[in-house]
């Protein structure tokens, strides 16, 4: 089951400003959902967001950049 939360709550959990968080979402192509109760509100699946917020080891980053 998905753990859907608002973009604001996800940004708070990630420790980022909402603007920075939205940029990260665009860069990583995380799925964004429309809240059926309030169509203006956008939701994300927290485990999917948490996965993109994991630190990247320097050795792996160098291998993927080369």
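Legend: calculated FRET efficiency, residue 50 to residue 23, from the Cβ-Cβ distance at R0 = 30 Å, rounded to 0.05, equals 0.95.
Given the alternatives (1) 19, 48, 23, 8, 2; (2) 20, 35, 21, 14, 7, 3, 0; (3) 23, 51, 21, 4, 0, P(r) over Cα pairs in 10 Å bins from 0, in percent as computed for this entry is given by (1).
Relative to the longest principal axis of the Cα atoms of the chain, the long axis of helix 18-28 lies at roughly 60 degrees. Each residue, residue 33 and residue 58, gets one label point 7 Å from its Cα in the Cβ direction; the gap between the two is 3.9 nm. Normalised by the number of residues in the chain, the average gap of Cα pairs under 8 Å and 6 or more apart makes the relative contact order 38 percent.
Per-residue ellipticity at 222 nm from helix content only, as computed over the chain with -39500 (n - 2.57) for each DSSP H run of at least four residues, stands at -14000 deg cm²/dmol.
Values quoted throughout were computed directly from the atomic coordinates according to the rules given, and no laboratory measurement underlies them. All values reported here derive from a predicted model rather than from experimental measurement. Virtual Cβ from ideal backbone geometry, glycine too; neighbours counted across all protein chains shown.
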